1. In the stretch 1-23, what residues are open to solvent by less than 80 Å² (accessible area, probe 1.4 Å) and either free of Cβ contacts under 8 Å to residues at least 24 places away in the same chain or farther than 12 Å from residue 79 by Cβ (or both)?
2. Applying the selection to the stretch 70-85, what residues are among the charged types (D, E, K, R) and either on the phi > 0 side of the Ramachandran plot or surrounded by fewer than 19 Cβ atoms within 10 Å (Cβ to Cβ) (or both)?
3. Inside the stretch 70-80, can you point out the residues that are under 16 Å from residue 37 (Cβ atoms) and touching a residue at least 40 places away in the same chain (Cβ under 8 Å)?
4. Among residues belonging to the stretch 53-69 that are within 12 Å of the chain's Cα centre (by Cα) and over 18 Å from residue 32 (Cα atoms), point out the one that is most open to solvent (accessible area, probe 1.4 Å).
5. Restricted to the stretch 24-52, and to residues that are over 15 Å from the mean Cα position of the chain (by Cα) and farther than 14 Å from residue 103 by Cα, which residue is most open to solvent (accessible area, probe 1.4 Å)?
6. From 70, 113, 17, 53, which residue is touching a His at 6+ places or on another chain (Cβ under 7 Å) and either over 15 Å from residue 5 (Cα atoms) or of a type in the set (Phe, Trp, Tyr) (or both)?
7. Specify the residue that is surrounded by the fewest Cβ atoms within 10 Å (Cβ to Cβ); the eligible residues are those in the stretch 91-110 that are within 9 Å of the chain's Cα centre (by Cα) and closer than 15 Å to residue 43 by Cα.
8. Are there strands (runs of 3 or more DSSP E) fully within the stretch 6-62 with at least 3 residues that are of a type in the set (S, T, N, Q) and out of contact with any helix residue (DSSP H, G or I) (no Cβ under 8 Å at 6 or more places or on another chain)? List them.
Amino acid sequence: QVQLRESGGGLVQAGGSLRLSCAASGTIFRSNVMGWYRQAPGKQRELVARITSGGNTNYGDSVKGRFTISRDNEKNTVHLQMNSLKPEDTAVYYCWISVAGDVWGQGTQVTVSS
């Protein structure tokens, strides 16, 4: 059973930065994909960024050039560096791993004030 533990998030002013981290524990296959999704009130959950164990990345269009995803395969951790934050980035951010199915973290709130 795989579990995800998120940290980071909080309140920041527009233009500021935050860093989210997520650690995976349990039985994790060497080849997997980890990432972050977000969900704002009244909206569907959307992709923020994801990264394969080989380091290939893809980003949601709204965060390209501002957010950077990285991972440590030895520690089974994934990080999301968020720069130039905007009020529209406000959402609950969920860590995700695809390993014999989708596993989600509990979510962490990111609030960007204008």
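1. Quick first cut of the stretch 1-23, residues open to solvent by less than 80 Å² (accessible area, probe 1.4 Å) only: 2, 4, 6-10, 12, 14-18, 20-23.
Once the filter is applied, which keeps residues that are open to solvent by less than 80 Å² (accessible area, probe 1.4 Å) and either free of Cβ contacts under 8 Å to residues at least 24 places away in the same chain or farther than 12 Å from residue 79 by Cβ (or both), the stretch 1-23 yields 2, 4, 9, 10, 12, 14, 15, 16, 17.
2. Start the filter on the stretch 70-85 by keeping residues that are among the charged types (D, E, K, R), which leaves 71-72, 74-75.
Those that are among the charged types (D, E, K, R) and either on the phi > 0 side of the Ramachandran plot or surrounded by fewer than 19 Cβ atoms within 10 Å (Cβ to Cβ) (or both): 72, 74, 75.
3. Taking the stretch 70-80 and keeping what is under 16 Å from residue 37 (Cβ atoms), we get 71, 78-80.
The answer is 78, 79, 80.
4. The extreme case among them is 68.
5. If we take residues in the stretch 24-52 being over 15 Å from the mean Cα position of the chain (by Cα) and farther than 14 Å from residue 103 by Cα, then 30 is most open to solvent (accessible area, probe 1.4 Å).
6. Values: 113 fails: touching a His at 6+ places or on another chain (Cβ under 7 Å); 17 fails: touching a His at 6+ places or on another chain (Cβ under 7 Å); 53 fails: touching a His at 6+ places or on another chain (Cβ under 7 Å).
After applying the criteria, what remains is 70.
7. Within the stretch 91-110, the first condition is being within 9 Å of the chain's Cα centre (by Cα), and the residues that meet it are 93-96.
Narrowing the set further to residues that are closer than 15 Å to residue 43 by Cα leaves 93-94.
On the way: 93: 23, 94: 21.
Among those that are within 9 Å of the chain's Cα centre (by Cα) and closer than 15 Å to residue 43 by Cα, it is 94.
8. Values: elements: 10-13, 18-25, 33-39, 46-52, 57-59.
Answer list for the stretch 6-62: none.
The values are calculated or read from the model by the stated rules, or taken from the named source; none is laboratory data. All values derive from a computational prediction rather than experimental measurement. Cβ: placed from backbone, ideal geometry, glycine included. Neighbour counts: every protein chain shown. Only protein heavy atoms, including side chains, enter the accessible area calculation; ligands, DNA and RNA are left aside. Shrake-Rupley method; radii C 1.70, N 1.55, O 1.52, S 1.80 Å.
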